[in-house]
Amino acid sequence: MRKGFTLAEVLITLGIVGIVAVLTIPSVMKNYKNRLYTAQLEKAYAQIADATQNIMHDEHVDNFYETKAIGENKCAGGTCTSGTAYFLSNYFKTVKKDCANGDDDELCIAGHNPSSYKYISGTDAGGVGATVYCIQMASGAAICGSHNSGQKCTSLLVDVNGQAEPNIVGRDVFSMDIHKDGSISDYRSGCVDNNAGCSADKCNAGGGANIYESSCGCLNAVIESGWKMVY
């Protein structure tokens, strides 16, 4: 009776294992990264929701749009006293403030060029406006905020891992609206009561006029799937 394996049998077995690994490891890595991005998004979402409630509590109002987070950004000497700049710089644990501009090592976003962020397809999705106020949290996530005075709506762009790749909408980049009760919805809700913003099927649909528009629908897609990326 023969004991053990021949060299040829071992090599064939190793070859089969190698082929299986080549076929499965990329999928495993993709799933792992997507779960990581989702966990980072869920954490940032919770931190934003907590911050909106905290500022309303501190200012004794039940309407986010009656707080100092609304109106023109007013900052001097690194201290902000009103606008989304005040909200972001005072109600989050930050490692960088006003980090949408400057040298690469000062930035907390991918950039301002149309090619800064991509769709999953690889086409350009836009960049962050140069005048938008951004912070980077201790968690690594970057949040940029702007207030549409015409719609009376504050919107946020969240990059769950800051400048780090992949900088793809629906992977690590999402847009959100803050409603008057402090709740958070997907973008393009107009911050109207009970408006959930862009539908999930808009995620990565293309054609966005800016990075906020480009990433709309992706937050709803993740939430509706039970905080999973299934696209």
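The values are calculated or read from the model by the stated rules, or taken from the named source; none is laboratory data. Keep in mind the model is a prediction, meaning the values are calculated, not measured. Backbone-built Cβ (ideal geometry, glycine too); neighbour counts: all protein chains shown. The protein model used for the area step is the full one, side chains on, heavy atoms only, and it has no ligands, DNA or RNA in it. Shrake-Rupley method; radii C 1.70, N 1.55, O 1.52, S 1.80 Å.
Our helix-only sum for the chain, with -39,500 (n - 2.57) per DSSP H run of n ≥ 4 divided by its residues, gives a mean residue ellipticity at 222 nm of -10500 deg cm²/dmol. Amide H to amide H distances under 5 Å link N167 with D172, where only residues 5 or more positions off or on other chains count and H is placed in the peptide plane. Scattering from the C-alpha atoms of the chain alone, worked out with Debye: what is log10 I(q)/I(0) at q = 0.15 1/Å? So the normalised log intensities work out to -0.95.
Compute the helix-to-body angle for 7-58: its Cα long axis versus the longest principal axis of the chain, expressed 0 to 90° and rounded to tens. Computed tilt is about 10 degrees.
Computed from point charges on the beta carbon alone (+1 for Lys and Arg, -1 for Asp and Glu), the dipole magnitude for segment 78-196 about its Cα centre is near 300 Debye.
Determine the gain in length on full extension of the stretch A196-K68; use 0.36 nm per residue of separation and subtract their C-alpha separation, reporting nm with one decimal.
Difference between extended and current length: 43.6 nm.
Scanning residues 5 or more positions from S82 or on other chains, those with amide H under 5 Å from its amide H are K74, with H placed 1.01 Å from N in the peptide plane. Taking a point 7 angstrom from the Cα of N31 along the C-beta vector, which residues in segment 164-186 have backbone N less than 20 Å away? Taking a point 7 Å out along Cα→Cβ of N31, the residues of segment 164-186 whose backbone N falls under 20 Å are 171-172.
In the context of the full set of protein chains, the chain has a per residue accessible area of 52 Å² (1.4 Å probe).
About its Cα centre, the chain has a charge dipole of approximately 900 debye under the convention of +1 per Lys or Arg Cβ and -1 per Asp or Glu Cβ, with nothing else charged. Dipole of the chain (Lys/Arg Cβ +1, Asp/Glu Cβ -1, origin at the Cα centre): which of N34, G162, T123 lies farthest to the positive side? With unit charges placed on the Cβ atoms, the residue in question is N34.
For the chain, the fraction of 1.4 Å probe accessible surface lying on carbon and sulfur atoms is 54 percent.
Of all lysines in the structure, the ones whose alpha carbon falls short of 17 Å from that of K74, not counting any fewer than 8 places away in one chain, are K97. Per residue, the convex hull spanned by the Cα atoms of segment 95-191 measures out at 104 cubic angstrom.
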